[in-house]
Ligand SMILES: C[S@@+](CC[C@H](N)C(=O)[O-])C[C@H]1O[C@@H](n2cnc3c(N)ncnc32)[C@H](O)[C@@H]1O
């Protein structure tokens, strides 16, 4: 897909530049060893996600590990979902979105790409994305990547405003009067104790009340049975409350990036491996699955209040 604004490769380049800038600003090898060890620890903790489990996002270098491995894959997934939703509901050129569990800002990346892709070059397009994220290493990386993205987009008639917020409850209070076109829950939910399900579902319902009548709540979940079961409970609950499900069928493995294996992010992995070799550490990225890739391997649900009385 041709994009007149930025393509995935440019986003990958910014992520790689941010990671290298962080690493190269470290003054001595002992601290570089701590950084590389931190990325390795975060990466192995993060792999619990691939096994359907939970992850400790507060580990110091989780932002870097996630930005390399998942950020672009998630942005690609969200972009694909927005493209499908747009077949039944048209998003406005000036869009306001709320990203719950925004992580490193994959939602902002997807929305800015999406606006560039679908608008006309004559219309000024604008997205305001409020990211709600509780883990500081993730929100700090999101702030760095958003800053880079804004600089790249400033001449391109896409204005991106991102506001990182802290906890969900605080965000609900801070955004009391705001109404949104889109609320994203992209791989946000953990595996929870069933006694907490009711409380989480009612918080999700309260958030969806912030949608305008054409607004969409988008949920992306991994394909693991326990997370899918909980997601289906949330969807049934929201439907009982009057929301309507929109059809969003994304083929397994589908991606919009130009290649399956992102070579720029892969090079960032190889760069850190080379630094590990230089400093006498074991390499971080070893087996093929340690390296980032694109593709949709989860499930997608979208709901709207449109048509409800
Ligand atoms: C798997 S990551 C997904 C990040 C991002 N949405 C994406 O698709 O790349 C889940 C994120 O949700 C955050 N999170 C989970 N529950 C949250 C809550 N109640 N409030 C804020 N952030 C939350 C975690 O800290 C983590 O960064």
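The values are calculated or read from the model by the stated rules, or taken from the named source; none is laboratory data. None of these values were measured; they are calculated from a predicted model. Ideal geometry is used to build each Cβ from the backbone, glycine not excepted, and the neighbour counts take in all protein chains shown.
Here 237, 301 are screened, and the one residue that is in a strand (DSSP E or B) and farther than 30 Å from residue 17 by Cβ is 301. Of the helices (runs of 4 or more DSSP H) lying entirely inside segment 1-77, not one is found with 1 or more residues being in contact with a helix residue (DSSP H, G or I) (Cβ under 7 Å, 6 or more places away or on another chain), over 21 Å from residue 136 (Cβ atoms) and free of Cβ contacts under 8 Å to residues at least 24 places away in the same chain.
Say we look at segment 170-192 and pick out the residues that are more than 14 Å from the ligand (Cβ to nearest atom) and in a loop (DSSP other than H, G, I, E, B); which of these is modelled with the lowest pLDDT?
In the first step, residues of segment 170-192 are kept if they are more than 14 Å from the ligand (Cβ to nearest atom); the result is 176-181.
Next, only the ones that are in a loop (DSSP other than H, G, I, E, B) stay: 176-179.
Numbers: 176: 76, 177: 81, 178: 85, 179: 91.
The extreme case among them is 176.
Let me spell it out: the conditions are (1) surrounded by fewer than 17 Cβ atoms within 10 Å (Cβ to Cβ); (2) modelled with pLDDT under 95, and residue 49 meets all of them except one. Which number is the exception? The one condition residue 49 does not meet is (1). State yes or no: is residue 88 modelled with pLDDT under 95, surrounded by fewer than 17 Cβ atoms within 10 Å (Cβ to Cβ) and either within 16 Å of the ligand (Cβ to nearest atom) or under 27 Å from residue 189 (Cα atoms) (or both)? Taking the combined requirement at face value, the residue satisfies it.
Please verify whether segment 265-284 includes one or more residues that are part of a loop (DSSP other than H, G, I, E, B) and under 21 Å from the mean Cα position of the chain (by Cα).
no
Determine whether residue 81 is modelled with pLDDT of 90 or more, under 23 Å from residue 200 (Cβ atoms) and either surrounded by fewer than 24 Cβ atoms within 10 Å (Cβ to Cβ) or within 15 Å of the ligand (Cβ to nearest atom) (or both). It would help to see each step written out before you state the result.
Working: modelled with pLDDT of 90 or more: yes; under 23 Å from residue 200 (Cβ atoms): yes; either surrounded by fewer than 24 Cβ atoms within 10 Å (Cβ to Cβ) or within 15 Å of the ligand (Cβ to nearest atom) (or both): yes.
It is true that residue 81 is modelled with pLDDT of 90 or more, under 23 Å from residue 200 (Cβ atoms) and either surrounded by fewer than 24 Cβ atoms within 10 Å (Cβ to Cβ) or within 15 Å of the ligand (Cβ to nearest atom) (or both).
Every residue, every condition in (1) surrounded by 15 or more Cβ atoms within 10 Å (Cβ to Cβ); (2) out of contact with any helix residue (DSSP H, G or I) (no Cβ under 6 Å at 6 or more places or on another chain), yes or no:
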residue: 278; (1), (2): no, yes
residue: 287; (1), (2): no, yes
residue: 300; (1), (2): yes, no
residue: 306; (1), (2): yes, yes
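In the set 196, 227, only one residue is crowded, with 20+ Cβ neighbours inside 10 Å and either at pLDDT below 90 or within 15 Å of the ligand (Cβ to nearest atom) (or both); that residue is 227.
Looking only at residues in segment 94-115 that are more than 16 Å from the ligand (Cβ to nearest atom) and closer than 18 Å to residue 213 by Cβ, the one that is modelled with the highest pLDDT is 96.
When residue 167 is tested against (1) within 12 Å of the ligand (Cβ to nearest atom); (2) modelled with pLDDT under 90; (3) over 26 Å from residue 299 (Cα atoms), only condition (3) is not met.
With respect to residue 182, determine if the residue is surrounded by 12 or more Cβ atoms within 10 Å (Cβ to Cβ) and either under 30 Å from residue 19 (Cβ atoms) or touching a helix residue (DSSP H, G or I) at 6+ places or on another chain (Cβ under 6 Å) (or both). Yes. A residue that is within 30 Å of residue 179 (Cα to Cα) and more than 20 Å from the chain's Cα centre (by Cα) can be found somewhere in segment 222-229.
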